[in-house]
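The values are calculated or read from the model by the stated rules, or taken from the named source; none is laboratory data. Since the structure is predicted, the reported quantities are computational estimates derived from the model, not experimental observations. Cβ placement follows ideal geometry from the backbone for every residue including glycine, while neighbour counts extend to all protein chains displayed. Heavy atoms of the whole protein, side chains included, go into the accessibility calculation; ligands, DNA and RNA do not. Shrake-Rupley method; radii C 1.70, N 1.55, O 1.52, S 1.80 Å.
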Amino acid sequence: VRWMMYWIVFALFMATETFTDLLISWFPFYYEIKMAFVVWLLSPYTRGASLLYRKFVHPTLSRKEKEIDTYIIQAKERGYEAMVRFGKRGFNMAATAAVQAAAKSQGALAGRLRSFSMQDLRSIPDET
């Protein structure tokens, strides 16, 4: 549980860090403060990640649990619909390509088969 809390808080930190780096990386000792914060999160003595998780993350997730569940269900349904739609489109494209390839090569294939069969007939000696 301790590691779960750490990784959730650390992931949130990394997501916000992407934007804060652009805005306040010019601040003196910014990178040192960032390193100290990560050590504070990770330290078993300070339990910073546990503290932040219990104070801020867990209450927020608990309040918005129904919304999150709704979004997950919507994403699942939309994902399934998108996969079916793309699957149908892919099969249609493959079928169209196969039919076009067969139509283009049908004349050449029929000519070759015809020429082979005519050669076979000509090679048989006449017995009349």
Here the residues within region 56-68 that are open to solvent by less than 70 Å² (accessible area, probe 1.4 Å) and free of Cβ contacts under 8 Å to residues at least 24 places away in the same chain are Pro59, Thr60, Ser62, Ile68
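So which of Tyr45, Tyr53 ends up being exposed (fewer than 12 other Cβ atoms within 10 Å of the Cβ) and among the hydroxyl-bearing types (Ser, Thr, Tyr)? Can you show your working first?
Details: Tyr53 fails: exposed (fewer than 12 other Cβ atoms within 10 Å of the Cβ).
Checking each option against the conditions leaves just Tyr45.
Quick check on region 1-24: of everything there that is polar (S, T, N, Q) and at pLDDT below 90, which residue is surrounded by the most Cβ atoms within 10 Å (Cβ to Cβ)? Walk me through it before giving the result.
Of all residues in region 1-24, those polar (S, T, N, Q) come to 16, 18, 20.
So of that shortlist, the ones also at pLDDT below 90 come out as 18, 20.
Details: Thr18: 8, Thr20: 13.
Residue satisfying both the conditions and the ranking: Thr20.
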